[in-house]
Amino acid sequence: MPRPVRITKRQMKEDKLVTTTFKVTEFVQTHSRTFIIALVALVAVTVVVVFAISGRSARSREAAGLLGRAYLTMTVGNAELSVSDLKTIVDDYGSSSSAPLATYYLADLYFRIGSYEKALEYFQLYVDEYHHNQFLTVASLVGVADSYTELGRPASAGEFYLKAFQADTAGLEATRQLLRSGQAYLLAGEKQKAKEVFQQIIDDYPYSLQIQDARMGMAEATLKD
């Protein structure tokens, strides 16, 4: 009769740590847009405070004030006023340090109210003009991809989910964006590109949360050949 395997307290702690880590990772990935907005909001408030107490130019302070007001109006659901203030910053204060954040906010706000063409325009503007911040660049690339998804253009969505992955391959959401790229390519009928992406997950990220979906995607792409 085989001897029962005893699990040590250390092993139990390690198992709990692994389980907790996976749960936290999954939660963050599921609520990624919420986390991004919360972090960006914190940055926005910080920017407003810094400009208020610093001796920067009047135009910089004006832009920071508009950004702060836009954030406050967003929190109470006044999208129309928020859009107006954010567009003013982007159009009239494009060289200010508030402009990158305003551009991202504007894109995200358009996305949330269903104006996907406008969202695409401003997410792309952030990527083209203000790509020095890796965190917001990745978020904007995902925003471009999400906008293409909503506009029924899965091939373009697949391209930009892949770009989001490539912009930060070590990021918490990297493999999720890679999976979304493969799924979008599959939806677009680009089976070879889909299989390449799914295979990359299988080969390089075998312990990721996306591994089972990647295997299912690979099977589906292969069956459609």
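The values are calculated or read from the model by the stated rules, or taken from the named source; none is laboratory data. The structure displayed is predicted, hence computed values, not measured ones. Positions of Cβ are backbone-derived with ideal geometry, glycine not excepted, and every protein chain shown enters the neighbour counts.
Within region 199-225, the set of residues being more than 20 Å from the chain's Cα centre (by Cα) and aromatic (F, W, Y) comprises Y207 only. Applying the criterion of at least 2 residues that are surrounded by 20 or more Cβ atoms within 10 Å (Cβ to Cβ) and either small (G, A, S) or in contact with a Pro (Cβ under 7 Å, 6 or more places away or on another chain) (or both) to the helices (runs of 4 or more DSSP H) found wholly in region 101-207 leaves 116-129, 134-150, 154-167, 174-187. Pairs linking a residue in region 129-143 that is under 12 Å from D168 (Cα atoms) to a residue that is surrounded by fewer than 23 Cβ atoms within 10 Å (Cβ to Cβ) and at pLDDT below 90, with Cβ atoms under 6 Å and 6 or more positions apart or on different chains, are T137/H131; A139/I36. Checking V76, V45, V83, V50 one by one, the residue that is at pLDDT 90 or above and of a type in the set (V, I, T) is V83 and no other. Restricting D85, D91 to residues that are of a type in the set (D, E), surrounded by 20 or more Cβ atoms within 10 Å (Cβ to Cβ) and part of a helix (DSSP H, G or I) narrows the list to D85. Candidates are the residues of region 67-82 that are buried (at least 20 other Cβ atoms within 10 Å of the Cβ) and among the small types (G, A, S); the one that is nearest to A99 (Cα to Cα) is A70.
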